[in-house]
Structure formats: C-alpha cells, structure tokens
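First the structure, in the form of structure tokens, and then the observations on it.
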Amino acid sequence: MSHGIMRRNVVIGITVAAFALSGAAFLMARSRDMTPERARGSPLVPGLESRAAEIGAIELSRGNATVRIERLAGDRWVVASSDAYPARTELVRALLVSIGSLTVDDRMTAKKDRHGELGLAWPDESGKARLVRFLASAPGAAPVAEVILGDERFAPDAVFARLPAQDQTWRALGRVQVPADALAWIDRTLVALPSGETLSASIAGLTATPSPNDPGPQPGMPRMPWGIAVTEPEREHWSVEQVDSAKTGLPSFLERLEIDGVRRARTDIAPEPQWSPSFDTRAALVTINGHAESDGVWFTLSVLPRPGAPVPTPAKRDGDPFVPDWSALSEACDGWEYKMPAWKADTLRRMRAPAQDPGAEPTTLQPSTLGDPRR
C-alpha cells in the first residue's frame, strides 16, 4: 500500500472519529431536550394511580407559595402548612386521579426560552405555572412523580404540561384543579343548619327568641321577627339600632358558619362578649368564643350536645343544610381556632357599633322598645 493511500485512510479515520465525538457531545448537551416519542393517547404520568400507596406527601407550588399535604395512618390526610388540620380526602383523591388520567395529545416546544408562552417556566414568580410533586413515604426515596402544569385550554379540556427534568412540553387532554391556597384543601363550612333549628340566640346580655305563635320557616315566606330581651346591666349598651341589627343577624347566624383560616388554639386569650354569640338549638348548645385581632376575628367553637337528642340525618345532597353529629363536631373542633369571614364578623360588629349619621345623638334603648318574647 502506498504512503499516499495510508495517509488518506488516516485522515478519513480521524475525520470520522471527530464527527463521532462531536455527535456524542451534541447528544449529551441536548439530553434534557430529547425525550422518547410519546404516542397520542398515552398517559402523561404513567403508573401514577398504581403507585398511590407509595405516596406519603403532596407538595403543590405556585409562585412563591407551597402547600404541603401529608398522609397519616389510616389513609388520613392533613394540610401540614396549616398546622396539620385535616384535609378533604376526596380532593386528594381527585388530584391523583385527574393527573393520572392526563393523556398526551400533541408535542409542543422543547425550547426552554419559550416555556413561559405556555405557562410552563419554572421557577415562576408570576404564578402561572403549577408544580405538583408526589413524594414517596419511604425515607430518601425519589419522588413518585413530578409534573409542571401550565395554561389550560377548553373544548376539549386540555392543559400544557412538562416533566421538571425535561424541556420537552406537551399538550395533554384532561382537566386538573390544583389550588395553591391551603384553605381550598379543607372543609371551610363548620356548620350549615336548616332554618328553624335554632331555638334562641344570645350575645352580650341580649337574647333573641321566636314568638310562640311563630309557625316556623315557611317556603317562600319571610321569617317572623324574633322577640328581644336585654338584661338590665346591659340595657345601656344597646341602642335601638343595635337591637334591630341583632333581630336581623342573630336568628340565622348559625345557619351558615364558615371559616377563613385555621390554626392551633391559643390558651392565653379570653373570649370577648361582643364576638361570642351563643345558640340554643334543638340538639345542642353552641357557643362561638371570639376575640378580635389585627387581622380579624378568631374563635373557638364550644358544643354541648343535648342529652337524648335524636340521631342526626345526613344531608341528601352536598351543600344541603343538615344537623351534624354534635358530639363528633365537638371532638373535631377541639384544639382548633378559626378565623371568622369578614362579612360574618361585620354582622356582629353592627350589633355593637352601628353606623350613625354625623352629629346624630345615639338612640337610647327604652324598655318599651323591646319585643316581648312571651307574646
């Protein structure tokens, strides 16, 4: 073999090797962008539901906020970021099923600088992207699954999504609700009583009771005014306007008692009378022990079930008013303190600080202005 041919073969070999090395380097540099071809209709997060038993916690991040939900013994879930208050288990299950049911519909961009166009940039201080992490219960184990969810589309329902370890994005068919607010993961309604269940209501020396000839709640008919009685020591603190506010606000106050926050109950704060109404119902005595703080009114709930009360009947449909199992409610509320919604606190506030016209003299409550609950 001539020296010229040998030199030519060496050059060719070097060139081929150089191309191979550069190709390998290119593939390594692009490894984040390269993903296996995904068939249309295949699961976006394969095997998520089948691995549900491995999940010990769920983290939901949006913007700078993260909600952590943890699993306890007996398949109970708590909102760890809200002092471990019980979470709505059905919402946890719905999240798992909805993400596990997402199916690939189309391949979108794999360019990292275009992720924001689909709401898939992460980290994302704007709050458009949502990171969902299913963490394993085994110590030190890798997450069971992670997914970033972005903008949604409708008709058909779809969401843009990607896996955190990859730059490739997808349009996936399905609908996922991922609230980043911890309150969305708890039951915000403490009590939802049927109309007519409250027999009397009291606050700061004032008691409201229905008239003896009141036929009770009638469909489509306004409720008859309740009679008002005020104890003598408190009479000077109640004006006519305040009594009118109590007549309007007290009878139905317990029919919808919701919360805007929850925390472990403090033991160093005494209830304040103006924020602590009490309700005598057909099956229990219920007292809201409230006090005002800079961010609103906080309260604990005291429940004293009436001996011999009938077994409560569950609501026929979600959202319907019903009489709860008062003993179970008392146990569930023990050790917790709740924030009263602003509109609910305003109902009580008007009973103690009604609006006055500028320069008007306060109207003094006289005995003759009180309704007699015995009539």
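No value in this document is a laboratory result; all are computed from the given coordinates. Since the structure is predicted, the reported quantities are computational estimates derived from the model, not experimental observations. As a convention, Cβ positions derive from the backbone with ideal geometry for all residues, glycine included, and neighbour counts pool all protein chains shown.
Between amide H atoms placed 1.01 Å from N, distances below 5 Å from A136 occur with G56, V144, all of them 5 or more places distant or on a separate chain. Look at H115, H237 and count the other Cβ atoms within 10 Å of each Cβ; fewest to most, that gives H237, H115. Judged by the mean number of other Cβ atoms found within 10 Å, the most tightly packed of the peptides 166-178, 78-90 leads the ranking 166-178, 78-90.
Remark: E232, E331, E117 ranked as E232, E331, E117, counting other beta-carbon atoms within 10 Å and listing the fewest first. Here the label points at E236 and R188, each 7 Å from Cα along the C-beta direction, are separated by 4.2 nm in the simple model. In straight-distance terms, cross-link reach from K344 covers every one of the lysines whose alpha-carbon lies under 19 Å from its own, apart from those fewer than eight places away in the same chain; here that gives K247.
The stretch between A328 and A136 holds 65.9 nm of extra length on full extension. This uses 0.36 nm per residue minus the Cα-Cα distance. Once the C-beta distance of A353 and N64 is scaled by a Förster radius of 45 Å, the resulting FRET efficiency is 0.75 to the nearest 0.05. Is the shape of the stretch 189-369 rounded, prolate or oblate, going by the alpha carbon gyration tensor and its root eigenvalues a ≥ b ≥ c, with a/c under 1.5 for rounded and a/b larger than b/c for prolate? Oblate, because a/c is 1.5 or more while a/b does not exceed b/c. Each residue, A315 and R256, gets one label point 7 Å from its Cα in the Cβ direction; the gap between the two is 1.2 nm.
At full extension, A73 and R88 could sit 3.9 nm farther apart than now, given 0.36 nm per residue minus the alpha carbon distance.
The 3J(HN,Hα) values that the Karplus relation (6.51, -1.76, 1.60; θ = phi - 60°) gives for the stretch 329-334 are, in residue order, 5, 4, 5, 5, 8, 4 Hz. Gly and Pro appear as x.
Within the same chain, aspartates and glutamates fewer than 8 places from K339 are excluded, and of the rest, those with a Cα less than 13 Å from its Cα are E258, D260, E293, D295.
Couplings for the stretch 264-273, taken from phi via the Karplus curve 6.51 cos²θ - 1.76 cosθ + 1.60 with θ = phi - 60°, read 5, 5, 8, 10, 9, 10, 8, x, 9, x Hz in order; Gly and Pro are left as x.
Computed 3J(HN,Hα) for the stretch 113-120, one whole-Hz value per residue from the Karplus formula 6.51 cos²θ - 1.76 cosθ + 1.60 where θ = phi - 60°, is 6, 10, 4, x, 5, 9, x, 10, glycine and proline marked x.
The amide H of R88, built 1.01 Å from its N in the peptide plane, has I186, D187 as neighbours under 5 Å, considering only residues 5 or more places off or on other chains. The stretch between D346 and D181 holds 57.0 nm of extra length on full extension. This uses 0.36 nm per residue minus the Cα-Cα distance.
What's the whole-number percent of alpha carbon pairs in the stretch 49-182 lying beyond 24 angstrom? That tail contains 29 percent of the Cα-Cα pairs. Applying 1/(1 + (r/R0)^6) with R0 = 41 Å to the Cβ-Cβ distance of D244 and V97 gives a FRET efficiency near 0.20.
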